[in-house]
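Working notes, structure below.
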Amino acid sequence: MQPVTRTHVTGDGMGNAQTNTPPFCPRLVSDGDRQWFAYWTYGGRLVVASRSLPDGTWERDETGIEIDVRDGHWTPGLGIGPDGYLFLAYNVRCSTIRWRRSIRPADSSEFGTERIGTTGDGSSATYPEFTRLRDGTLLLGYREGESGHGDWYLDRWQPETETWESLHHPLLSGTAGSSGERSTERTEATDSSCPYLWNLVQSTDGVLHAFWCWRRTPDVRTNSELSYACSPDGGETWTTSSGREYELPITQSAAEIVDPVSEGIDLLNNGWAATDPTTNAPHVAYCRNDAAGNTQLYHATLESAADGNDPAGEWRVESVTDRTTTANFGGPGVVGSPLGRMGIVVDDSSGVHILTRDLERANWPLLYSKREGTWQSQHLVDRNLAYSDIHIDLQRWRQDRVLSFVEQPQTVGDVPWAGATEISITDVDPHAVWDRTTVASSIVETDGRENIDGSPDTSLATFASTSLEDPLLVDDTAFTPIGSGLGFDELSVPATPVYARVRIDGVDGSEREGKNDAAVRAHVSLVSDGETRETVAGEPVSVTAGSKTATTDWHRIPDGFRTGRVDGAVATTSATPLWVRSATVELACPMPSVVEKQ
């Protein structure tokens, strides 16, 4: 196959909420020569698309289901039962699970009537996640409770009776606290937390692996302690990596710690885990701050002991990136992250490949692979994914060694200015990616790159500009907008971060007044909802009468400026009116290197 192949699903994906790309509630699944994807449209309708592998045209089936709330927690979940029937969960947040099953196996054209609940004792569920084991068994895991005070339940589908059975209610418990006594409500005296699970993943030897972190309050800043457990029998019993059997439910004080992350250092909950198809070792990708306070992508795996005895292995934790900024996560609900939650796979040679996006690296899909002992990165396609996460198809990798992921720009929150965005499923052959020598780009004016920040490795390419058509009279010493700005939002820019500058061409008028010291000053301004929100930092540029041109420095637009207009602002240095023949506002973004070693 080609290194990167993109197939169009729809141009009507929901762009104004992070509903289609988070890793929880897997919704891109494969079985044999067929692949399915469940997504919300811009209008809030749930669609299940399917195609023949490897590169068939996507067919879209309407389900008749509409979204309850445009929020990143309302992600649909899709699973495949042991007999090939499709299972669909949707509109679940701190509520009873709502789900349907397809009328026919391997056919998404028609689903049965809505069913409420699974085993009868889960009324405050969130994150329903289907996991299909290698023997076809279908599991359903979900949080019961609330953020900061909840448990993790695990159910199993019984095809003979067509019912769900309780496997563990709960498997993981945050409501037990240090006392071991479970509490149904949070109080100031309650020592409680909530487990946030990465995806369950099964290795070739049949062992089921689970990673999760704990959260003490609804605030994401209280995430801590990446933990681990495994099951040799499909979820019946659970042990540590050394083989010690857990007493269920597993509490925070009893859990095996992979990385003892403390609160307040930007550990982002939920993500993807993988296993080595050759050694069966578990792997996990996540982000947290390093010792310097910068947010990095991390990789952890269980290394075998020197004698090859896995139960005596140690966890190896390593930083994949060398970023220089901090995420500063904070607050409850869905948070916008500069790093997308990452997908991870391991190939037949034990090579680890991690897929993410990074606001500091154009926000394009970014592949990290460990090659000859060094982490290297390469951009896959030139598309700004905004605040989307990376959502992958683990079964497709397991059966075909193809890394399929959902490619769609999405914002955080139900914002009225964000419209429909295109959804593609992008298939990646990591080894072929590293064999190619160039990455195509559609950004204009790539021959006119300019270095910024004094670094030869950081260059900009202009992607939009606008100029005044008529001369402008400047007769005020206070800055006023030029009135010829460029509108943009975080879904429309080709890459991030975004920079702006203003150029003034030709100033006339002071000679006629006999004053040669008059000048026009200009700087960049940001306009939101008709009001100047912030003046970009930096000294204004001055253009004296009779001068030909002057241009401000490139100024980085703050990451929190999500939509609005970039304009120039001008003022005179005296009461003398001056004419500006032309004023131009330009927007530019970085042009990343093709390959970068970390």
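The values are calculated or read from the model by the stated rules, or taken from the named source; none is laboratory data. The model shown is predicted, which means the values in this text are computed figures rather than measured ones. Using ideal geometry, Cβ is built from the backbone for each residue, glycine included, and neighbour counts are taken over all protein chains shown. Quick note on the areas: whole protein, heavy atoms, side chains included, nothing else; ligands and nucleic acids left out. Shrake-Rupley method; radii C 1.70, N 1.55, O 1.52, S 1.80 Å.
Annotations
- Test: Asp389 is open to solvent by 10 Å² or more (accessible area, probe 1.4 Å) and in a loop (DSSP other than H, G, I, E, B): no
Conditions (1) assigned to a strand (DSSP E or B); (2) touching an Asp or Glu at 6+ places or on another chain (Cβ under 9 Å); (3) more than 20 Å from Glu586 (Cα to Cα); (4) modelled with pLDDT of 85 or more, marked per residue:
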| position | (1), (2), (3), (4) |
| --- | --- |
| Val493 | no, no, no, yes |
| Pro497 | no, yes, no, yes |
| Val502 | yes, yes, no, yes |
| Asp505 | yes, no, no, no |
| Ser510 | no, yes, yes, no |
| Gly514 | no, no, yes, no |
| Val527 | yes, yes, no, no |
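- Verdict on Leu226 being among the aliphatic types (A, V, I, L, M), farther than 22 Å from Asp259 by Cα and modelled with pLDDT of 95 or more: no
- Selection status of Ala300, at pLDDT 95 or above and surrounded by fewer than 13 Cβ atoms within 10 Å (Cβ to Cβ): no
- Count of the range 268-293 residues which are assigned to a strand (DSSP E or B) and surrounded by fewer than 22 Cβ atoms within 10 Å (Cβ to Cβ): 1
- Filter result for the condition that a residue is modelled with pLDDT under 95 and within 21 Å of His8 (Cα to Cα), over Arg383, Arg341: Arg383
- Given (1) in contact with a Gly (Cβ under 6 Å, 6 or more places away or on another chain); (2) at pLDDT below 85, number of the condition Asn451 does not satisfy: (1)
- Any chance Glu263 is outside any strand (DSSP E or B) and either over 25 Å from Asn280 (Cβ atoms) or charged (D, E, K, R) (or both): yes
- Residue match in the range 577-597 (condition: at pLDDT below 65, among the hydroxyl-bearing types (Ser, Thr, Tyr), over 30 Å from Lys370 (Cβ atoms) and open to solvent by less than 40 Å² (accessible area, probe 1.4 Å)): no
- Of the residues making up the range 474-490, those that are crowded, with 17+ Cβ neighbours inside 10 Å and farther than 28 Å from Cys589 by Cβ number 1.
- All positions within the range 314-347 that are part of a strand (DSSP E or B) and surrounded by fewer than 18 Cβ atoms within 10 Å (Cβ to Cβ): Glu314, Trp315, Arg316, Val317, Glu318, Ser319
- Of all residues in the range 348-363 being part of a loop (DSSP other than H, G, I, E, B) and open to solvent by 10 Å² or more (accessible area, probe 1.4 Å), the one that is nearest to Asp382 (Cα to Cα): Gly351
- Qualifying residue in the range 417-432 (condition: modelled with pLDDT of 90 or more, open to solvent by 10 Å² or more (accessible area, probe 1.4 Å) and under 15 Å from the mean Cα position of the chain (by Cα)): no
- The residues in the range 98-116 that are surrounded by fewer than 16 Cβ atoms within 10 Å (Cβ to Cβ) and among the aromatic types (Phe, Trp, Tyr) can be counted, and the count is 0.
To keep it simple, each residue is scored yes or no on (1) open to solvent by less than 20 Å² (accessible area, probe 1.4 Å); (2) within 28 Å of Trp397 (Cβ to Cβ); (3) among the acidic types (Asp, Glu); (4) under 28 Å from the mean Cα position of the chain (by Cα).
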residue: Leu197; (1), (2), (3), (4): yes, yes, no, yes
residue: Cys213; (1), (2), (3), (4): yes, yes, no, yes
residue: Ala229; (1), (2), (3), (4): yes, yes, no, yes
residue: Pro232; (1), (2), (3), (4): no, yes, no, no
residue: Gly235; (1), (2), (3), (4): yes, yes, no, no
residue: Glu247; (1), (2), (3), (4): no, no, yes, no
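- Taken over the range 536-558, the criterion of being under 12 Å from Val502 (Cβ atoms) and either touching a Pro at 6+ places or on another chain (Cβ under 6 Å) or modelled with pLDDT under 80 (or both) is satisfied by Val536, Gly538, Pro540, Val543.
- Those residues of the range 45-92 which are of a type in the set (Phe, Trp, Tyr) and in contact (Cβ under 8 Å) with a residue 40 or more places away in the chain, in sequence order: Trp58, Trp74, Phe87, Tyr90
- Note on the range 265-284: residues that are at pLDDT 95 or above, on the phi > 0 side of the Ramachandran plot and within 22 Å of the chain's Cα centre (by Cα) amount to 1.
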